[in-house]
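Chemist: The structure is given below, and queries will be raised subsequently.
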Amino acid sequence: MAVSSSSFLSTASLSNSKSTISFASSVSPTPIPSLRRVVFRSSIPASSHRRVMTVRSKIREIFMPALSSTMTEGKIVSWIKTEGEKLAKGESVVVVESDKADMDVETFYDGYLAAIVVGEGETAPVGAAIGLLAETEAEIEEAKTKAASKSSSSSSSPPAAAEALVPSPPPATSSPAPAIAQPAPVATVPDGPRKTVATPYAKKLAKQHKVDIGSIAGTGPFGRITASDVEAAAGIAPSKSTVAPPPSPPPAPTATAATAKPTTTNLPPLLPDSSIVPFTAMQSAVSKNMIESLSVPTFRVGYPVNTDALDALYEKVKPKGVTMTALLAKAAGMALAQHPVVNASCKDGKSFSYNSNINIAVAVAINGGLITPVLQDADKLDLYLLSQKWKELVGKARSKQLQPHEYNSGTFTLSNLGMFGVDRFDAILPPGQGAIMAVGASKPTVVADKDGFFSVKNKMLVNVTADHRIVYGADLAAFLQTFAKIVENPDSLTL
């Protein structure tokens, strides 16, 4: 054992780890009579003593997740946790509205919700930071500073966040509007309930001055509530702020239309007293899919189907919870099993694939949009189990709680407007599917048999829109004949 007064060094080895963590510290070189230098020798190579691992805590970004394959941006419905609140791994932090549903987003790490970057009601693209997660409580202030710097840097650039939240009204100009405070115009607020959208600073002011933000008519873009609106409601003079509010949209096409892009100059001006309502995330997804479907060459075939036997069966099974939608989905699934090409899909324009499962997507109108819950393996499920599954899916759809696989796994779509008395209509083919069936109402129809005798029978008209790259006219006609035979002799539906 050697004696010295220069330094103290200790080395510890973790037997269960492949790496070595060394902790080094030094004391004053002044000789201390009572202090001796103690050296613990080990078989670890000398080179490993030079590596010192510094353990640092982290500030992580909470990203906007991709909740579906078609999602490009998401809207913050609500933050379940507040700033400064402690989080545990796997705990729900925020509710995000995707293009089809509202879903809870969980955290993958323990820590503290240090800062909220994207507030409630605001939109962010997939992959963008919506919040900051601090590993320790001491780092919360540092994270807030980081979030503030992000906000200030984004405010100095063109307002991309505002553009993501609400599309610019036509006509759009090629240059961004100057970031200066605009005089408050008279806002036209449409009648009916609507979701309150306000800037984060406006929400903060409303809380400070105890103003009900829901009673304020916003003067920002498309009725968004700004800080000046809150100050006016509170009866205080507007404060001068270095951070400019989101620019107001141009009131009407003027001389600036001459500088707009050529693609926007043909858009007609807004009518007096009209208002612009931005698409919701679901409406944006529907719009995107409908535009995408225009690139697919389609054709349509109609076929009348006698429903007397189906109507009689429905009256028998209706008390047991079976719906007409389940009967039609079951019949379509059984027909598709015999004509797999109608259940095929072409996604790249160069080849097509036969789907191993028959998943019937059924169009459902919900508040603010349209969604297609999927009855998976519709040809194999029992009719009563299929009806039970359908009721569960409709409940989830209307509460916006569907999981992605419950609405994006369809191989064939069924759209039924018969309950509204519609006798015939054409449906638009969803992207990635081979065909969609439009079912009209069953109505009494005078028909003549082969002997020339007239009778009245209930008939419904079925129109199918198909992808002509993979499905041909003969294929679709054979499928419709099989579907009609199943409906007209529906005993096999209950087997």
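The values are calculated or read from the model by the stated rules, or taken from the named source; none is laboratory data. As the structure is a prediction and not an experimental result, all values here were calculated from the model. When we count neighbours, we look across all protein chains shown, and the Cβ atoms used for this are built from the backbone with ideal geometry, even at glycine. Areas reflect the complete protein model, heavy atoms only, side chains present, ligands, DNA and RNA absent. Shrake-Rupley method; radii C 1.70, N 1.55, O 1.52, S 1.80 Å.
Chemist: Tally up the residues in the range 350-388 that are of a type in the set (G, A, S) and closer than 25 Å to H468 by Cα, please.
Modeler: The number of residues fulfilling the criteria is 6.
Chemist: Return the residue satisfying two criteria in turn: it lies in the range 80-111 and is outside any loop (DSSP other than H, G, I, E, B) and without any contact (Cβ under 8 Å) to a residue 24 or more places away in the chain, and of such residues it is most open to solvent (accessible area, probe 1.4 Å).
Modeler: The residue in question is E106.
Chemist: Inspect all residues belonging to the range 340-355 and state whether any of them is among the aliphatic types (A, V, I, L, M), in the same structural domain as A474 (by the TED database) and closer than 30 Å to M103 by Cα.
Modeler: First, pick out the residues of the range 340-355 that are among the aliphatic types (A, V, I, L, M): 341-342, 344.
When the remaining residues are screened for being in the same structural domain as A474 (by the TED database), the result is 341-342, 344.
Among the residues that remain, those that are also closer than 30 Å to M103 by Cα are: none.
So far as the range 340-355 goes, no, none of its residues is among the aliphatic types (A, V, I, L, M), in the same structural domain as A474 (by the TED database) and closer than 30 Å to M103 by Cα.
Chemist: Take the conditions open to solvent by less than 40 Å² (accessible area, probe 1.4 Å) and either over 29 Å from A138 (Cβ atoms) or at pLDDT 85 or above (or both) and apply them to G74. Does it pass?
Modeler: yes
Chemist: I've got another one for you. Does any residue in the range 371-393 that is in the same structural domain as M324 (by the TED database) come within less than 8 Å, Cβ to Cβ, of a residue that is of a type in the set (F, W, Y) six or more places away or on a different chain, and which pairs are these?
Modeler: Matching pairs, first to second residue: I371/Y407; T372/Y407; P373/W390; P373/Y407; V374/Y407; L375/W390.
Chemist: Right, something else. Any residue at all in the range 380-395 that's open to solvent by 20 Å² or more (accessible area, probe 1.4 Å), in contact with a Phe, Trp or Tyr (Cβ under 9 Å, 6 or more places away or on another chain) and not charged (D, E, K, R)?
Modeler: There is no residue in the range 380-395 that is open to solvent by 20 Å² or more (accessible area, probe 1.4 Å), in contact with a Phe, Trp or Tyr (Cβ under 9 Å, 6 or more places away or on another chain) and not charged (D, E, K, R).
Chemist: Find the residue count for the range 196-214, including only residues that are farther than 20 Å from V77 by Cβ and either modelled with pLDDT of 80 or more or buried (at least 20 other Cβ atoms within 10 Å of the Cβ) (or both). Break it down stepwise before answering.
Modeler: Of all residues in the range 196-214, those farther than 20 Å from V77 by Cβ come to 201, 205, 208-212.
If we keep only those that are either modelled with pLDDT of 80 or more or buried (at least 20 other Cβ atoms within 10 Å of the Cβ) (or both) as well, we get 205, 211-212.
Number of matching residues: 3.
Chemist: Consider N367 against the criteria (1) touching a helix residue (DSSP H, G or I) at 6+ places or on another chain (Cβ under 8 Å); (2) over 22 Å from F483 (Cβ atoms); (3) touching a residue at least 40 places away in the same chain (Cβ under 8 Å); (4) open to solvent by 70 Å² or more (accessible area, probe 1.4 Å): it satisfies all of them except one. Which criterion is unmet?
Modeler: (3)
Chemist: Somewhere in the range 289-299, is a residue under 30 Å from V446 (Cβ atoms), surrounded by 13 or more Cβ atoms within 10 Å (Cβ to Cβ) and out of contact with any Leu (no Cβ under 7 Å at 6 or more places or on another chain)?
Modeler: yes
Chemist: Check whether at least one residue in the range 352-364 is out of contact with any helix residue (DSSP H, G or I) (no Cβ under 8 Å at 6 or more places or on another chain), surrounded by fewer than 19 Cβ atoms within 10 Å (Cβ to Cβ), assigned to a loop (DSSP other than H, G, I, E, B) and polar (S, T, N, Q), and report yes or no.
Modeler: Yes - at least one qualifying residue is present in the range 352-364.
Chemist: Restricting the first residue to the range 51-79 and requiring it to be closer than 28 Å to A198 by Cβ, which pairs with a second residue that is modelled with pLDDT under 70 and not in a loop (DSSP other than H, G, I, E, B) meet a Cβ separation below 7 Å and a spacing of at least six or different chains?
Modeler: Between residues of the range 51-79 that are closer than 28 Å to A198 by Cβ and residues that are modelled with pLDDT under 70 and not in a loop (DSSP other than H, G, I, E, B), the close pairs are E73/A164.
Chemist: Also: Looking at the range 260-272, can you tell me whether even one residue there is at pLDDT 80 or above and loosely packed, with under 10 Cβ neighbours inside 10 Å?
Modeler: Looking through the range 260-272, at least one residue is at pLDDT 80 or above and loosely packed, with under 10 Cβ neighbours inside 10 Å.
Chemist: Only one residue in L336, L328, L313 is at pLDDT 90 or above, among the hydrophobic types (A, V, I, L, M, F, W, C), in a helix (DSSP H, G or I) and touching a Pro at 6+ places or on another chain (Cβ under 8 Å), so which one is that? Explain how you work it out, then say what you get.
Modeler: Details: L336 fails: touching a Pro at 6+ places or on another chain (Cβ under 8 Å); L328 fails: touching a Pro at 6+ places or on another chain (Cβ under 8 Å).
From the options L336, L328, L313, the qualifying one is L313.
Chemist: Just checking, how many residues over the range 419-445 are in contact (Cβ under 8 Å) with a residue 40 or more places away in the chain, among the β-branched types (V, I, T) and surrounded by 22 or more Cβ atoms within 10 Å (Cβ to Cβ)?
Modeler: 1
Chemist: Given (1) part of a loop (DSSP other than H, G, I, E, B); (2) under 23 Å from V342 (Cβ atoms); (3) over 22 Å from the mean Cα position of the chain (by Cα), identify the lone condition not met by S409.
Modeler: Unmet condition: (3).
Chemist: Select from the range 451-471 the residues that are in a strand (DSSP E or B), in contact (Cβ under 8 Å) with a residue 24 or more places away in the chain and open to solvent by less than 50 Å² (accessible area, probe 1.4 Å) and list them in ascending order.
Modeler: Once the filter is applied, which keeps residues that are in a strand (DSSP E or B), in contact (Cβ under 8 Å) with a residue 24 or more places away in the chain and open to solvent by less than 50 Å² (accessible area, probe 1.4 Å), the range 451-471 yields N458, M460, L461, V462, N463, V464, T465, A466, D467.
Chemist: Here are A484, A448: which of them is aliphatic (A, V, I, L, M) and open to solvent by 10 Å² or more (accessible area, probe 1.4 Å)? Show your work before the answer.
Modeler: Details: A484 fails: open to solvent by 10 Å² or more (accessible area, probe 1.4 Å).
It is A448.
Chemist: Identify, please: which residue in the range 206-226 is β-branched (V, I, T) and either assigned by the TED database to the domain that holds G121 or not in a loop (DSSP other than H, G, I, E, B) (or both) and is, among those, nearest to G121 (Cα to Cα)?
Modeler: For the range 206-226, the residue satisfying everything is I225.
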